[in-house]
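*Asks:* Quick one: the structure is below, questions incoming.
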Ligand code: ADP
Ligand code: MG
């Protein structure tokens, strides 16, 4: 059997050392000679990726999600400039110096990974948090142990690390409390939607900026809530209960994902319009049968009703999960995770063979619960596992992938970790 590949998180010391070194090699002018001439950043900041425990495809329906921050973080070393130039390097995009002037940053005007970074500066400026002095430019480098494109939100980790860095070097004071952090969330969401051009809700950025260690964050997307009301910390302690959260990056790549997402979203909006509600959040889970009956005349093939049933039951499962962990019953959430996966697989039809394989093999090896996480069609799955059973579950998942002839997955341990902040 192939030995499992662990995707380890870095200590803050290691992350800081990596980006400081990269900053110096990237920005020290040629021929600077001695160490005195070395370029040094103003500081190092970092932000975590996230994993959603439950509450999938609910955000655009005004519903609930429950992410926690990963120990895996994106680190940024940043130094202010006096002009409005942004120069960026990334260990994940070696040899490339992404450069732009902030005056030239606007929707549709910039491309490449630097759009996520420059977009944050643009959005802060739009929200009236532009720098009090100077042109707002900066030199920065990033390095990350958050897997890319695995549904673990490397994009939010990047934006949020930059957001807390800019907040700090410009003395905005937003990262100092939860209300300010909610404002940083908004800026990061705008950066991703409007400058990077990726249509996402705000769950990823809220998790990266507002989670605390040993907690999950209940993210409420009900329209009209204030930024503060939209995020509530929920205790989520695993180690004292002898449990571990295992994340499996399936590395599956499926095409047409964006089209599928848009189609699901449009279907939900149509259902809400037919029901005369603003969003599907307004459907009472206790009256699901009546709701589905009301949709029947518009739904010859039953697809609309299955989509609605997923959304309504998933929101109810997320509330139940929140209640259980709040009562210290984290060991009892397994069946909710399994029900969530079944609903996503059969009613919402966003799972993939690889995700189903992780769930089935993990449960077969003794996991208390398992489900796909994120938008689906690939990405990652999670399993709640007794600390003593982790090796057996990992071996079972690995063997299932080997037997199926699939590309080897990556494994992460995900103790609920802390939000973005200054690292060094
Ligand atoms: P996910 O957020 O699930 O990892 P996305 O497609 O939303 O996947 O975001 C991945 C993109 O974010 C990358 O393709 C890249 O453009 C950008 N990105 C994230 N982290 C970094 C990084 N450390 N360096 C450069 N680009 C990054
Ligand atoms: Mg992303």
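Yes/no per residue for (1) out of contact with any strand residue (DSSP E or B) (no Cβ under 8 Å at 6 or more places or on another chain); (2) within 15 Å of ligand 2 (Cβ to nearest atom); (3) not in a loop (DSSP other than H, G, I, E, B):
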{"residue": "160", "(1), (2), (3)": "no, yes, yes"}
{"residue": "166", "(1), (2), (3)": "no, no, yes"}
{"residue": "179", "(1), (2), (3)": "yes, no, yes"}
{"residue": "182", "(1), (2), (3)": "no, no, yes"}
{"residue": "187", "(1), (2), (3)": "yes, no, yes"}
{"residue": "193", "(1), (2), (3)": "yes, yes, yes"}
{"residue": "197", "(1), (2), (3)": "yes, yes, no"}
{"residue": "204", "(1), (2), (3)": "no, yes, yes"}
{"residue": "217", "(1), (2), (3)": "no, no, yes"}
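*Asks:* Answer with yes or no whether residue 202 is more than 11 Å from ligand 1 (Cβ to nearest atom) and either surrounded by fewer than 24 Cβ atoms within 10 Å (Cβ to Cβ) or at pLDDT below 95 (or both). Explain how you work it out, then say what you get.
*Replies:* On the way: more than 11 Å from ligand 1 (Cβ to nearest atom): yes; either surrounded by fewer than 24 Cβ atoms within 10 Å (Cβ to Cβ) or at pLDDT below 95 (or both): yes.
Judged against the criteria, residue 202 is a match.
*Asks:* Under the condition of being within 9 Å of ligand 2 (Cβ to nearest atom) and over 23 Å from residue 26 (Cβ atoms), which residue from segment 141-158 is modelled with the lowest pLDDT?
*Replies:* Applying the filter and picking the extreme gives 149.
Residue-by-condition table, conditions (1) touching a residue at least 24 places away in the same chain (Cβ under 8 Å); (2) part of a helix (DSSP H, G or I); (3) touching a helix residue (DSSP H, G or I) at 6+ places or on another chain (Cβ under 8 Å); (4) surrounded by 19 or more Cβ atoms within 10 Å (Cβ to Cβ):
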| site | (1), (2), (3), (4) |
| --- | --- |
| 291 | no, yes, yes, yes |
| 294 | no, yes, yes, no |
| 304 | yes, yes, yes, yes |
| 324 | no, yes, yes, no |
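*Asks:* Given the options 212, 277, 244, 232, name the one that is in contact (Cβ under 8 Å) with a residue 40 or more places away in the chain, over 30 Å from residue 395 (Cα atoms) and away from ligand 2 (no atom under 16 Å from the Cβ). Don't jump to the end; show me each part of the working.
*Replies:* Details: 277 fails: in contact (Cβ under 8 Å) with a residue 40 or more places away in the chain; 244 fails: over 30 Å from residue 395 (Cα atoms); 232 fails: in contact (Cβ under 8 Å) with a residue 40 or more places away in the chain.
The match here is 212.
*Asks:* Is it the case, given these coordinates, that residue 342 is buried (at least 18 other Cβ atoms within 10 Å of the Cβ) and assigned to a helix (DSSP H, G or I)? Write out each step before concluding.
*Replies:* Numbers: buried (at least 18 other Cβ atoms within 10 Å of the Cβ): no; assigned to a helix (DSSP H, G or I): yes.
In short, no.
*Asks:* Tell me yes or no: at least one residue of segment 368-377 is closer than 30 Å to residue 165 by Cβ and modelled with pLDDT under 95.
*Replies:* Yes: one or more hits.
*Asks:* While we're on this one: If a residue must be in a helix (DSSP H, G or I) and without any contact (Cβ under 8 Å) to a residue 12 or more places away in the chain, how many such residues does segment 168-177 contain? Lay out the reasoning, then the answer.
*Replies:* First pass over segment 168-177, keeping only residues in a helix (DSSP H, G or I): 168-169, 174-176.
The next check asks that each one be without any contact (Cβ under 8 Å) to a residue 12 or more places away in the chain; those that pass are 176.
Residues flagged as in a helix (DSSP H, G or I) and without any contact (Cβ under 8 Å) to a residue 12 or more places away in the chain within segment 168-177 amount to 1.
*Asks:* Still on this structure, please answer the following. Output yes when any residue across segment 155-168 is more than 12 Å from ligand 1 (Cβ to nearest atom), surrounded by fewer than 24 Cβ atoms within 10 Å (Cβ to Cβ) and more than 19 Å from residue 73 (Cβ to Cβ), and no when none is.
*Replies:* Restricting attention to segment 155-168, the residues satisfying the condition of being more than 12 Å from ligand 1 (Cβ to nearest atom) are 163-168.
Retained after the next criterion (residues that are surrounded by fewer than 24 Cβ atoms within 10 Å (Cβ to Cβ)): 168.
Filter once more, so that each one left must be more than 19 Å from residue 73 (Cβ to Cβ): none.
No, segment 155-168 contains no residue that is more than 12 Å from ligand 1 (Cβ to nearest atom), surrounded by fewer than 24 Cβ atoms within 10 Å (Cβ to Cβ) and more than 19 Å from residue 73 (Cβ to Cβ).
*Asks:* While we're here: Can you find a residue that is at pLDDT below 95 and either assigned to a helix (DSSP H, G or I) or at positive phi (or both) anywhere in segment 61-76? Walk me through how you get there before you give the answer.
*Replies:* Taking segment 61-76 as the starting set, the residues that turn out to be at pLDDT below 95 are none.
No, the conditions are met nowhere in segment 61-76.
*Asks:* OK, next. Mind listing whichever residues of segment 369-424 are surrounded by fewer than 22 Cβ atoms within 10 Å (Cβ to Cβ) and assigned to a strand (DSSP E or B)?
*Replies:* Scanning segment 369-424 gives 386, 410, 411, 413, 417, 421, 422.
*Asks:* Residue under question is residue 120, and the condition is that it be touching a helix residue (DSSP H, G or I) at 6+ places or on another chain (Cβ under 8 Å), within 16 Å of ligand 2 (Cβ to nearest atom), at pLDDT 95 or above and assigned to a strand (DSSP E or B); does it hold?
*Replies:* Against the criterion (touching a helix residue (DSSP H, G or I) at 6+ places or on another chain (Cβ under 8 Å), within 16 Å of ligand 2 (Cβ to nearest atom), at pLDDT 95 or above and assigned to a strand (DSSP E or B)), residue 120 does not qualify.
*Asks:* Within segment 14-58, count every residue that is in contact (Cβ under 8 Å) with a residue 24 or more places away in the chain and exposed (fewer than 15 other Cβ atoms within 10 Å of the Cβ). Talk me through it step by step, then tell me what you get.
*Replies:* Just the residues of segment 14-58 that are in contact (Cβ under 8 Å) with a residue 24 or more places away in the chain, to begin with: 15-16, 18-20, 22-23, 26-27, 39-58.
Still in the running and exposed (fewer than 15 other Cβ atoms within 10 Å of the Cβ): 40.
So the answer is 1.
A quick yes/no check of all residues on (1) surrounded by 20 or more Cβ atoms within 10 Å (Cβ to Cβ); (2) within 22 Å of the chain's Cα centre (by Cα); (3) closer than 22 Å to residue 342 by Cα:
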| position | (1), (2), (3) |
| --- | --- |
| 241 | no, no, no |
| 248 | yes, yes, yes |
| 271 | yes, no, yes |
| 274 | no, no, no |
| 284 | no, no, yes |
| 288 | no, no, yes |
| 297 | no, no, no |
| 300 | no, no, no |
| 319 | no, yes, yes |
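*Asks:* Looking at segment 209-219, which of its residues are on the phi < 0 side of the Ramachandran plot and surrounded by fewer than 20 Cβ atoms within 10 Å (Cβ to Cβ)? Reasoning before the result, please.
*Replies:* To start, the set of residues in segment 209-219 that are on the phi < 0 side of the Ramachandran plot comprises 209-213, 215-219.
Residues satisfying the conditions are 212, 213.
*Asks:* Considering 251, 222, which residue is more than 25 Å from residue 415 (Cα to Cα), modelled with pLDDT of 95 or more and not in a helix (DSSP H, G or I)?
*Replies:* Working: 251 fails: more than 25 Å from residue 415 (Cα to Cα).
After ruling out the rest, the residue left standing is 222.
*Asks:* Let me ask another. With the requirement that a residue be under 14 Å from the mean Cα position of the chain (by Cα) and in a helix (DSSP H, G or I), what does segment 123-158 give you?
*Replies:* Correct list: 154, 155, 156, 157, 158.
The values are calculated or read from the model by the stated rules, or taken from the named source; none is laboratory data. Please read these numbers as outputs of a predicted model, since none were measured by experiment. Don't worry about glycine lacking a Cβ; one is built from the backbone with ideal geometry, like all the others, and counts go over all protein chains shown.
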